[in-house]
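Participant: Mind looking over this structure? Questions follow.
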Amino acid sequence: MSVKAKACNACQRNGRITCRRTRLGEPCLKTYPLECTDLLKRARVAFQAGRTLAESFRLAQLEAVVQMLEEHECDFVDALRRDLHKPRFETVVSELILVKNEAMHAINNLKKWMHPQHVERNLSTSLDECLVVSEPLGVVFIVGNWCSPVQMCLVPLVGAIAAGNCAIICPSESTAHTAELLHRLIPFYLDNECFQVILASTNDLPEIVELKFDHVFFTGCKEEGSRIAVAAARTFTPVTLVLAGKNPCYVDQHCEIATTAQRIAWARFHNAGQSLVAPDYILCHADVKARLVQALKCCLMQFYGPDPRESRSYSRMVNLELFNRTRDILWRSGKVAVGGQVIEAEKYIAPTILTEVTESDPIMQKDIFGPVLPVLTVSSLDDAIAFINKQEKPLCVYAYSCNTKVISRLMRETSSGSFCSNDCVLQSLMVALPFGGVGASGMGSYHGRNSFDTFSHRKSCLIRSTRFECVTYLRYPPYEDRNLSLMTWASTLSQKSQGWCQIL
């Protein structure tokens, strides 16, 4: 991609550079801002000048993030209402408070995180200083997602700021009002040379990534994540990918059905099911299924009333494309036990529970970003574990049981980005817990100290002097067996030291 590429007349009038299509002689269907390249250059200059390195600068920027959220809470609530019909309660709790907690945690711990970490030494380096220094990567690119368009942009940004980086943020084009709000507010509150927002199409992201950043942080679906990873690989740019996955939820015979149903229903249907961490399907025993479905039905009545369409606590699908996709999957899978109503003009899909679902149904083959919850039956815990392990590794695994042995087996014998027992989603909201995927659900993690580490290079440093050459001369040729014995003795950790390493 080159800023010298010839733009069509419309693009030139709008100050934009064309997409790949125009350069190939095809109609100009997508464009992205010309200023992206300029912003990257400005950020590099600011970073190389050391603008972001001082602890005082990082603290000031983190405090500005908190101030922005506090002073514009109503604006964020309004933007998310217009984009997703999202209730104020959900916006404040799952978006604004989460980001503020991340920022305050970073503010309170930044000095400790920035301090070099000393490591164990052997005899030959006992008089030297061995330490690990966390240094910023440079200019990072953060791509948010429409499921949680504020926190999925700003939580990674908190980590990037704390680690001393410059950052360019790209909110999802699907939540246009939230993206425009971030585009307007971030330059007003944060350093204009170091932190900026671009508004770009999803199709343009690979080309933007090829501009060469020092790290790319992406949250979204597997298909888009794959394109981002391929583009980043061309310039050897490291990536963090937090990807969607089919998150299983096992419900044991021995559990509190009423509480289980409440927690699952909240997790699956908040934000109209548009969540990376919501349970995608339930695995339960046949003798539990009827009671669980009935309890879920009661919860939906309690949460949203007899007609969820009229509820002020229920969201809408983000766009018609996702609405149509979810509706088609819903109609071709299982049997509707609860819900199933759709209204295209409002992008409304009622909270829906499906039964008689088979493993080959479309809803079990694709990630669900909508208010649909399939319920499948298994004959035993062993079958549930086998079923989960046949699928690609999910972002989350959930388990409900009063039996601690059941919980332990599921945690130990399945692999996922995160695990939570007797609740859902909360493990992804905790500042102290790393959150990220594994295998097909992503790579890398963030939140709290893990965000700081994600956007840092942990540089190994050995600080030596030219003294004690009477010892170090042993490594020089000509090589003698006696010297080798002494070098082996001086360089090898003792059993006690190795034990301490394992404990630490």
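Each value in this text was obtained by applying a stated rule to the coordinates, not by laboratory testing. Owing to the predicted nature of the structure, the values given are computational and were not obtained by experimental measurement. Heads up, the Cβs are rebuilt from the backbone with ideal geometry, glycines too, and the neighbour counts pull from every protein chain shown.
Participant: Show the residues, 5+ positions off or on another chain, whose built amide H is closer than 5 Å to the amide H of Phe217.
Facilitator: Under 5 Å from the amide H of Phe217 lie the amide H atoms of Phe141, Ile142, Val143, Thr240, each far enough along the sequence or on another chain.
Participant: Cut-off is 10 Å between beta-carbons; in what order do Phe323, Phe236 appear when sorted fewest neighbours first?
Facilitator: Working: Phe323 21, Phe236 7.
In order of increasing Cβ crowding within 10 Å: Phe236, Phe323.
Participant: Oh, and also: Taking 0.36 nm per residue of separation and subtracting the Cα-Cα distance, what length does fully extending Asn403 through Glu356 add?
Facilitator: Working: separation 47, 0.36 × 47 = 16.92 nm, distance 2.70 nm.
Full extension from Asn403 to Glu356 adds 14.2 nm.
Participant: Here is a follow-up. Using a 10 Å cut-off on Cβ atoms, rank the peptides 168-179, 474-485, 329-340 from the highest mean neighbour count down. Show your work: numbers first, answer last.
Facilitator: Numbers: 168-179: 22.9, 474-485: 10.5, 329-340: 17.8.
Top of the packing list down: 168-179, 329-340, 474-485.
Participant: Quick check on the stretch 248-415: what does the Kirkwood estimate of hydrodynamic radius come out to from the alpha carbon pairs, in Å? Working shown, then result.
Facilitator: On the way: mean 1/r = 0.0623 Å⁻¹.
Answer for the stretch 248-415: a Kirkwood hydrodynamic radius of 16.0 Å.
Participant: A follow-up question, please. Highest mean first, how do 201-213, 148-160 rank when packing is the count of other Cβ atoms within 10 Å averaged over residues? Write down the numbers at each step before the final one.
Facilitator: Details: 201-213: 19.6, 148-160: 27.4.
Listed from highest to lowest mean packing, they are 148-160, 201-213.
Participant: I've got another one for you. What net charge do the residues around Cys299 carry, taking every other residue with its C-beta under 14 Å from that of Cys299, with Lys and Arg at +1 and Asp and Glu at -1?
Facilitator: Details: positive: Arg263, Arg268, Arg291, Lys297; negative: Glu256.
Result for the neighbourhood of Cys299: +3.
Participant: Can you tell me the orientation of helix 55-71 relative to the chain, as the angle in degrees between its alpha-carbon axis and the longest Cα principal axis, to the nearest 10?
Facilitator: 10
Participant: Over the Cα atoms of the stretch 76-122, what Rg and Dmax result, in angstrom?
Facilitator: 18.3, 61
Participant: Highest mean first, how do 59-71, 84-96 rank when packing is the count of other Cβ atoms within 10 Å averaged over residues?
Facilitator: Working: 59-71: 17.3, 84-96: 19.9.
Result, highest mean Cβ count within 10 Å first: 84-96, 59-71.
Participant: Moving on. State the Kirkwood hydrodynamic radius of the stretch 190-325 in Å, one decimal place, computed from all pairs of distinct Cα atoms.
Facilitator: On the way: mean 1/r = 0.0548 Å⁻¹.
Taking the inverse mean of 1/r over all distinct Cα pairs, the stretch 190-325 comes out at 18.3 Å.
Participant: So, one more: What's the angle, to the nearest 10 degrees (0 to 90), between helix 257-269's Cα axis and the longest principal axis of the chain?
Facilitator: Computed tilt is about 80 degrees.
Participant: While we're on this one: If each residue's Cβ is checked for other Cβ atoms within 10 Å, how do Trp113, Trp146 rank with the fewest at the top?
Facilitator: Details: Trp113 19, Trp146 24.
Ranking Trp113, Trp146 by Cβ neighbours within 10 Å, fewest first, gives Trp113, Trp146.
Participant: Also: Find how much the distance from Arg184 to Asp287 grows on full extension, using 0.36 nm per residue of separation minus their present alpha carbon separation; answer in nm with one decimal. All intermediate terms of the calculation are to be shown ahead of the outcome.
Facilitator: Working: separation 103, 0.36 × 103 = 37.08 nm, distance 5.44 nm.
Taking 0.36 nm per residue and subtracting the Cα distance, the gain is 31.6 nm.
Participant: Roughly speaking, what is the centre-to-centre gap between the stretch 345-368 and the stretch 265-319 when only Cα atoms are used, to the nearest Å?
Facilitator: 12
Participant: Next up: Compute the angle between helix 176-189 and the longest alpha-carbon principal axis of the chain, please, reported from 0 to 90 degrees and rounded to the nearest 10.
Facilitator: 30
Participant: Tell me, what ³J(HN,Hα) does each residue in the stretch 355-371 have, in order and in whole Hz, if you take phi through Karplus 6.51 cos²θ - 1.76 cosθ + 1.60 with θ = phi - 60° and put x for Gly and Pro?
Facilitator: Result, ordered by residue: 10, 6, 8, 10, 4, 8, 5, x, 5, 8, 9, 10, 5, 9, 10, x, x Hz.
Participant: A further question follows. Greater than 23 Å separation of Cα atoms is the criterion. Which listed pairs, Lys222/Lys335; Lys335/Lys366; Lys222/Lys459; Lys100/Lys246; Lys289/Lys405, meet it? Walk me through the numbers before you get to the answer.
Facilitator: Numbers: Lys222/Lys335 28 Å; Lys335/Lys366 17 Å; Lys222/Lys459 31 Å; Lys100/Lys246 29 Å; Lys289/Lys405 21 Å.
Going by Cα-Cα distance, Lys222/Lys335; Lys222/Lys459; Lys100/Lys246 fall outside the 23 Å limit.
Participant: Search the structure for amide H atoms under 5 Å from the amide H of Tyr250, placed 1.01 Å from N in the peptide plane, and list their residues when 5 or more places away or on another chain.
Facilitator: Residues meeting the criterion, in which the H sits 1.01 Å from N, are Leu283, Tyr398, Ala399, Tyr400.
Participant: Quick one: Cα centre-to-centre distance for the stretch 51-121 and the stretch 422-438, in angstrom?
Facilitator: If you average the Cα positions of each part, the centres end up 17 Å apart.
Participant: For Thr259 and Ala432, what does the FRET efficiency come to when R0 = 30 Å and r is the distance between their Cβ atoms, rounded to the nearest 0.05? Write out the running numbers ahead of the final one.
Facilitator: Numbers: r = 25 Å, r/R0 = 0.83.
FRET efficiency, Thr259 to Ala432: 0.75.
Participant: Name the residues whose placed amide hydrogens come within less than 5 Å of the amide hydrogen of Ser418, ignoring near sequence neighbours (fewer than 5 apart) on the same chain.
Facilitator: The list, which skips near neighbours in sequence, is Cys396, Val397.
Participant: If each residue's Cβ is checked for other Cβ atoms within 10 Å, how do His270, His115 rank with the fewest at the top? Could the numbers behind the result be given before it?
Facilitator: On the way: His270 23, His115 11.
Placing the least packed residue first, the sequence is His115, His270.
Participant: Follow-up. How would the chain be classified by its alpha-carbon gyration tensor: rounded, prolate or oblate, with rounded meaning a/c under 1.5 and the a/b versus b/c comparison settling the rest?
Facilitator: On the way: a/c = 2.07, a/b = 1.30, b/c = 1.59.
Taking the square roots of the gyration eigenvalues as a ≥ b ≥ c, the chain is oblate.
Participant: Here's another thing I want to ask about it. How many nm is it between the label spots at Thr235 and Gln341, if each spot is 7 Å from the Cα in line with the beta carbon?
Facilitator: Distance between the two pseudo-spin positions: 5.0 nm.
Participant: Only Cα pairs under 8 Å and at least 6 apart count here; give the relative contact order of the chain as a rounded whole percent. Don't jump to the answer; show the numbers that get you there.
Facilitator: Numbers: 980 pairs, mean separation 83.4, N = 504.
For the chain, the relative contact order is 17 percent.
Participant: Right, something else. Quick one: what are the phi-derived ³J(HN,Hα) couplings along the stretch 380-386, Karplus 6.51/-1.76/1.60 with θ = phi - 60°, whole Hz, x for glycine and proline?
Facilitator: These are the phi-based 3J(HN,Hα) values: 7, 4, 4, 5, 5, 5, 5 Hz.
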